[in-house]
Protein chains: 2
Amino acid sequence: MNRHAVYHISRGAYAYAIGEYTLCVRLRTAKNDCTTVKVHYLNVYNHSNNRKKVSMEKILQDEYYDIYEAQLKLEERHFKYFFELKNDKESVYYTSDGFISNGVKNENSFFFPVINDDEIYTFPKWAEGVTIYQIFVDRFNKTYEKPFINAKWNDIPKRHLFYGGDFNGIKEKLDYIHSLGVDVIYLSPIFSSVTNHKYDIEDFYSIDEMFGGEDQLQDLIKEIHNKKMRIVLDCVFNHMSCYNKIFQDVIEKGKKSLYKDWFYIKEYPISIDRCNYDTFAGCVPSMPRLKTSNPQVIDYLVGASVYWTKKLGIDGWRLDVADEVSVSLWRKFREEILKVNCEALIIGEIWNDASKWMNGDQLHTVTNYKYRKWMMEFIENKIDSSVFWQKISANNALYKTLSYNYLVNLLGSHDTKRLASVVGKNKAILALLTTLVFQGIGLIYYGDEIGLTGKDDPDNRRTMPWDKISAENIKPFELLAKLKNKYPCIKYGKLIPIVVNENILAFERSYKNKNVEVYVNFTNKDILIESRKSIFYYSFGEMIDEKTMSINRIRALSFAICIKK
Amino acid sequence: MNRHAVYHISRGAYAYAIGEYTLCVRLRTAKNDCTTVKVHYLNVYNHSNNRKKVSMEKILQDEYYDIYEAQLKLEERHFKYFFELKNDKESVYYTSDGFISNGVKNENSFFFPVINDDEIYTFPKWAEGVTIYQIFVDRFNKTYEKPFINAKWNDIPKRHLFYGGDFNGIKEKLDYIHSLGVDVIYLSPIFSSVTNHKYDIEDFYSIDEMFGGEDQLQDLIKEIHNKKMRIVLDCVFNHMSCYNKIFQDVIEKGKKSLYKDWFYIKEYPISIDRCNYDTFAGCVPSMPRLKTSNPQVIDYLVGASVYWTKKLGIDGWRLDVADEVSVSLWRKFREEILKVNCEALIIGEIWNDASKWMNGDQLHTVTNYKYRKWMMEFIENKIDSSVFWQKISANNALYKTLSYNYLVNLLGSHDTKRLASVVGKNKAILALLTTLVFQGIGLIYYGDEIGLTGKDDPDNRRTMPWDKISAENIKPFELLAKLKNKYPCIKYGKLIPIVVNENILAFERSYKNKNVEVYVNFTNKDILIESRKSIFYYSFGEMIDEKTMSINRIRALSFAICIKK
């Protein structure tokens, strides 16, 4: 047995509570090294040898490792346990004191001393497997002219152009959004700010009039809720606008300002030209970085979020630069927001390993940019499907299994090149459909559903070309939404990769003994599969059939959802 | 290269901040597999290839792995990094996207997105490498008769015997304690309770009169501080006495009690006979377990600790059953206690892997019972010295390097068999001396310094036999204390195992280019070593020489501190 590969630790994704009396534990082994892995476990205060025993299921496999998992259930909250690993050559116990061939004692166990209620890992149930639609407000839809508008609707974006999108414009398009199967609308920041993106907030306590102001927003939210959708707002705690009164006070009063410890100031007087203070992203003088470990700053920012959560009745937050905001702020944020709305969803913008923030005390979930990375590499033929699954597995291994249905999978955002500009329109739609049936929350960046193009910021923030959108664009999304309602496994099911060949992406979603299979062919050649009954078939930019039909090949540039015959 | 063995994650003991601009990172490899390991690193917002590069130092080695460590320093708080591993056969980069042979890009890096102030890992500096003396108050020293005393001072303890030890008794013996080189006195619980051990508190807001009450305690603390020692009190948040008014209220009022959610109640009415509520240690009806995730309970318990920290001016807390108290309580506790005394030391009672509680937001340190386990196995010849060091390394690997000088190493407590009863008096003293020069905080359980015996609880809580203690008992500890003052490396130095032979325990303590070597021979045979100059030599229960002398053997049952000639 490859002992070097075996890993367990009684915390993080390797041991966590999912109920008062249920502990989820993992063990890592070398890939394909073990034939069976079991856990032996017992109440900490039971000093007998009457241990319970459960087989572990192999849930992940990457390039080097297998990950096994099991749920341990006791009538008490106190767990001790060790593992039994077997392969054709040997059988050995893995304990907190290392490998033991025989004669394991209770004292050698790993300990999870207790499950306290504040450590039970939970999510707002409604958010499981939903679809989110991200709207960049200035660019989505405009219902009236405004004095500050300095661009025509179809102009290519430049950094300082304002197009005049507004809340009423979004309200007008709610039926369109809803028809895409969207469950949650997430708006780019809407708090007062002089920029078009508003990621530099000037007043955390006011809704920007450029977008229509608070009344229009309230009205929009009401209508979103009427249509049984939810709304998530975007907030930025990492930095603020240099025009924010709080920063202006420090510019003005220097060391005497009550707010001097709200920032990282290198010297006085503060100079925007010299950028002698910490900012967002290295040096962006207009965005001074906030000292989010300062309790006053925490109270101020969390206070504003609580205020809006209550007043607007929103369903959650998307939090910018979440991995640079202090741990103390996130803990307080989660505590206070969930007091106001115990079902609020907390999404952090994190591009890399986010496991540090997903332990149940800070964020619920994160923008899973690693999904984008590997999907792009697969579509662009840089990796084959087996490597794709290894990479997805390695990423998932960082997180607790319960979170997989909540990871926000995205193929683009206001911070990346547009999907269609990277892979072309046909493949873009295939990839987007894939994302909506992948395990997790699927995110559609407005316009990606019609293959809107755009290079890096600001080009990735083009306006919606409403005149060019037809029913044909919406149809696949509409049908997919219906299918998701009919087959809960597409929303809630676990994902099991299917090996067809290296060019095809295929997987099963399985939930309560029901399952569907998804096949995606990004290549220009048809690919044979075992004979299946398709229930959704999209090919070369067209819905081919929404009824069931028998297939044994996935045509070039096609996407199919199938069931076994 | 053994790729399965390579491990890094950008959190926990593998990546943590030790200053505003300093990140400590670790990498694990297979044992003796690499010849050099380096880290390449850069500010997150620097998109060039001008990476800094630093060699990692091998700091730990256990049965299977080497652990390498390095400190990364930037002028900004944002880190990205990857590793370069070399051996005779290959050179490879280890990144967040796995192994890459060449062409590593910045995007493949591991990220530590920012160092916020609340994440910088710190300790109260004064506590580094100190010696703690644990006193079980009822059994230490009695200065006057009391009506509740039901045992003669020299009686063998039974569960319900009271001996009458008091605060004045401790005060009377402060010179004795001080002469042992003790820096910190830790008292078993002193809050009102009907038991002799008081681990079941009846009133968190009152000092027990049995021990002399609050005035005597204040007086004792003043005197401890006068003698330049510190005091740590013991508190129990996991459970309370069933006689506590709060629990009595629930017994009386049942579901109508305002305190019903302070406990885990299985049915009403509560019955002490049926034990229909959760308790300490499975089923101890007199100790109902508190629901320490309930914010009201947290406020109450933390409130009491803050009250006493302020009022008594104590220097820290030892916290009972720390691994069953909620994370929320510990975070609040640390925050509030450090507001009152930013130098307070927070020690948790944890017997197993305590890494979950030692991330800088909860406990400073823990009772390192694993040290006891492996030391006992070594002394009893169940493992040899190389296995001892592997086990110590494997345990240390769980913790951040900065904590090693603070781990509370102990060889016995009120919860274990007495040291001398396990290994005999001669070896007990050798082991205790070893503990006091081992890396970490050394704990002396009162009486262990004279080889006091005792089996399991309650026998391990015998009274101090003051009539049998002579200057000879104190001498080695007294001399050792002087030596520790003269050689700061014994207090602050890192520990490097020395390989002599399998029967001898030998290690170097090294600090700022000064070092000493420690040799301990628990066997009945002399053991040869390379020629050294001893500066402390204790053999067969006697101080042999406090002056320097040349030695080339460690006699049977001997302990020596040496310097190179």
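The values are calculated or read from the model by the stated rules, or taken from the named source; none is laboratory data. In this text the structure is predicted, and so the values were computed from the model without any measurement. All Cβ positions, glycine included, derive from the backbone under ideal geometry; neighbour counts span all protein chains shown. Ligands, DNA and RNA are excluded from the accessible area calculation, which covers all protein heavy atoms including side chains. Shrake-Rupley method; radii C 1.70, N 1.55, O 1.52, S 1.80 Å.
Numbers below:
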{"read-out": "Condition check for A:E69: open to solvent by 60 Å² or more (accessible area, probe 1.4 Å), more than 11 Å from every other protein chain (Cβ to nearest Cβ) and either under 30 Å from B:Y371 (Cβ atoms) or under 28 Å from the mean Cα position of the chain (by Cα) (or both)", "value": "no"}
{"read-out": "Of all residues making up segment A:538-559, the number that are in contact (Cβ under 8 Å) with a residue 24 or more places away in the chain and either within 31 Å of the chain's Cα centre (by Cα) or open to solvent by less than 60 Å² (accessible area, probe 1.4 Å) (or both)", "value": "12"}
{"read-out": "Qualifying residue in segment A:250-262 (condition: touching a residue at least 60 places away in the same chain (Cβ under 8 Å), among the aromatic types (F, W, Y) and more than 14 Å from every other protein chain (Cβ to nearest Cβ))", "value": "no"}
{"read-out": "Options B:N395, B:N426, B:N409: the member that is open to solvent by 10 Å² or more (accessible area, probe 1.4 Å), in contact with a helix residue (DSSP H, G or I) (Cβ under 8 Å, 6 or more places away or on another chain), assigned by TED's automatic domain parsing to the domain that holds B:R318 and at negative phi", "value": "B:N395"}
{"read-out": "Unique residue being in a loop (DSSP other than H, G, I, E, B) and over 22 Å from B:K425 (Cα atoms) when the list is B:V500, B:V516", "value": "B:V500"}
{"read-out": "Tally of residues being outside any helix (DSSP H, G or I), polar (S, T, N, Q) and open to solvent by 20 Å² or more (accessible area, probe 1.4 Å) across segment A:368-392", "value": "1"}
{"read-out": "Of all residues in segment B:87-107 being closer than 28 Å to B:E75 by Cβ and more than 10 Å from chain A (Cβ to nearest Cβ), the one that is modelled with the lowest pLDDT", "value": "B:G103"}
{"read-out": "Qualifying positions in segment A:286-305 - outside any helix (DSSP H, G or I) and either within 14 Å of chain B (Cβ to nearest Cβ) or touching a helix residue (DSSP H, G or I) at 6+ places or on another chain (Cβ under 8 Å) (or both)", "value": "A:M287, A:P288, A:R289, A:L290, A:K291, A:T292, A:S293, A:N294"}
{"read-out": "Per-region count, segment A:343-361, residues over 12 Å from the mean Cα position of the chain (by Cα), away from chain B (no Cβ under 12 Å) and surrounded by 19 or more Cβ atoms within 10 Å (Cβ to Cβ)", "value": "1"}
{"read-out": "Criterion violated by A:T453 - all others in (1) over 21 Å from A:L557 (Cα atoms); (2) of a type outside the set (A, V, I, L, M); (3) touching an Asp or Glu at 6+ places or on another chain (Cβ under 9 Å) satisfied", "value": "(1)"}
{"read-out": "Qualifying residue in segment B:24-32 (condition: in contact with a Leu (Cβ under 7 Å, 6 or more places away or on another chain), away from every other protein chain (no Cβ under 11 Å), under 21 Å from A:W357 (Cα atoms) and surrounded by 15 or more Cβ atoms within 10 Å (Cβ to Cβ))", "value": "yes"}
{"read-out": "Failed condition for A:T434, given (1) among the β-branched types (V, I, T); (2) within 14 Å of chain B (Cβ to nearest Cβ); (3) assigned to a helix (DSSP H, G or I)", "value": "(2)"}
{"read-out": "Single residue of A:D117, A:D88 found to be over 13 Å from A:S10 (Cα atoms), in contact (Cβ under 8 Å) with a residue 40 or more places away in the chain and under 34 Å from the mean Cα position of the chain (by Cα)", "value": "A:D117"}
{"read-out": "Qualifying positions in segment B:515-549 - of a type in the set (G, A, S) and farther than 19 Å from B:L479 by Cβ", "value": "B:S531"}
{"read-out": "Residue match in segment B:75-82 (condition: in contact with a helix residue (DSSP H, G or I) (Cβ under 8 Å, 6 or more places away or on another chain) and either among the small types (G, A, S) or free of Cβ contacts under 8 Å to residues at least 40 places away in the same chain (or both))", "value": "yes"}
{"read-out": "Residues being of a type in the set (A, V, I, L, M), within 14 Å of chain A (Cβ to nearest Cβ) and over 22 Å from the mean Cα position of the chain (by Cα) - total across segment B:306-342", "value": "0"}
